[in-house]
Amino acid sequence: MNPAQLERLGEHLHRLRLFKSQERLEALLQEAATRELSYADFLDQILGEEVAAKTAKNVTMRTNLARFPFVKGLAAFEFAYQPSLDRKQLTSLAACHFIEHGENVIILGPPGVGKTHLAVALGLEAIAHGYRVLFTTAAAMIATLTKALHEGKLDEKLKTYTVPRLLIIDEIGYLPIDRQGANLFFQLISRRYEKGPMILTSNQSFGAWGEVFGDRVIATAILDRVLHHAVTINIRGNSYRLKDKLKAGLVRTEEPAAETQQVGNFQ
């Protein structure tokens, strides 16, 4: 191949935005000649590499846009330390059928047992499956919506939390929510109801959500929508943060629980 033809091929690849192939063009041509690849095999190779590169780039972009507090997948989760978890259930959820079916995932458990890690891991799986994901804490989301309400931009800001296919709301119940915050939370849940699945984490049982939201009626309305199509995961175990202290015998092992209670408790 003469230099003019090589340059022309590079220009074609650039105009088609096949940047990975453009970058490796000479190496790919040399490899094809060495291996005596057929035209079909050569085309399959360069297009395969291009798709892989674009997929990786898109995953990185969507991961950054998701605003995760950290990036840890299911492979990094210590299931042996939380025997109450059903690993097969988590593996099944990682296939992201719950998103296709519009189901919510609620993860309950005391502080430090890995709720956020599991939520982030499932969020990463969703991104790998091509979904747009957004992560937020309940407190941060309510603060943002409250500010938008006072500025007359509530509808616009609600779209921030309704557009992503999967919304993750972490730490429900860690900080008290006033009546206005509870109403804003309800508005968001109502907008996503049966349209956009969510992953919610909380250190409080459903029976305590009336206190969390400061209003049992609003809490009932929220749970009614959240639990209509939902999978609940209850983690009964010890905090990862206490693991080393437990091994050293510096603290006693307790049996914390965040028991699932029915919505009927509010009625």
Selection from region 85-101 of residues assigned to a loop (DSSP other than H, G, I, E, B) and exposed (fewer than 15 other Cβ atoms within 10 Å of the Cβ) yields Asp86, Ala95, His101
For residues that are part of a helix (DSSP H, G or I) and charged (D, E, K, R), scanning just region 137-160, find the one that is surrounded by the most Cβ atoms within 10 Å (Cβ to Cβ). Lys157
Only one of (1) without any contact (Cβ under 8 Å) to a residue 60 or more places away in the chain; (2) open to solvent by less than 80 Å² (accessible area, probe 1.4 Å) fails for Gln82. Which number is that? (1)
Residues of region 217-253 satisfying the condition of being open to solvent by 60 Å² or more (accessible area, probe 1.4 Å), in a helix (DSSP H, G or I) and either within 21 Å of Ala119 (Cβ to Cβ) or modelled with pLDDT of 95 or more (or both): Val217, Asp224, Arg225, Arg241, Leu242
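Let's see how each residue does on (1) of a type in the set (D, E, K, R); (2) in the same structural domain as Tyr81 (by the TED database); (3) free of Cβ contacts under 8 Å to residues at least 40 places away in the same chain:
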site	(1), (2), (3)
Leu124	no, yes, no
Thr137	no, yes, yes
His150	no, yes, yes
Lys153	yes, yes, yes
Thr162	no, yes, yes
Arg165	yes, yes, no
Selection from region 1-26 of residues more than 19 Å from Val51 (Cβ to Cβ) and open to solvent by 100 Å² or more (accessible area, probe 1.4 Å) yields Met1, Pro3, Glu7, Arg8, Glu26
Would you confirm, using the coordinates I've provided, whether Leu108 is surrounded by 17 or more Cβ atoms within 10 Å (Cβ to Cβ), in contact (Cβ under 8 Å) with a residue 60 or more places away in the chain and over 16 Å from Ile233 (Cα atoms)? no
Working only within region 72-84, note down all residues that are more than 12 Å from His117 (Cα to Cα), part of a loop (DSSP other than H, G, I, E, B) and among the small types (Gly, Ala, Ser). Ser84
Which residue out of Leu85, Leu124 is farther than 19 Å from Thr232 by Cβ and in contact with a strand residue (DSSP E or B) (Cβ under 9 Å, 6 or more places away or on another chain)? Leu124
Quick one: which of Glu36, Glu100 is farther than 26 Å from His14 by Cβ and not assigned by the TED database to the domain that holds Thr232? Glu36
Picked from region 161-207 (must be open to solvent by less than 20 Å² (accessible area, probe 1.4 Å), small (Gly, Ala, Ser) and not in a strand (DSSP E or B)), the residue nearest to His117 (Cα to Cα) is Gly173
Could you tell me which numbered condition Thr60 fails, if it satisfies all but one of (1) of a type in the set (Ser, Thr, Tyr); (2) under 29 Å from Pro111 (Cβ atoms); (3) assigned to a helix (DSSP H, G or I)? (2)
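The values are calculated or read from the model by the stated rules, or taken from the named source; none is laboratory data. Keep in mind that what you see is a predicted model, and the values were worked out from it rather than measured. We place every Cβ from the backbone using ideal geometry, glycine too, and count neighbours over all the protein chains shown. Side chains are part of the model used for accessible areas, which takes the heavy atoms of the whole protein and leaves out ligands, DNA and RNA. Shrake-Rupley method; radii C 1.70, N 1.55, O 1.52, S 1.80 Å.
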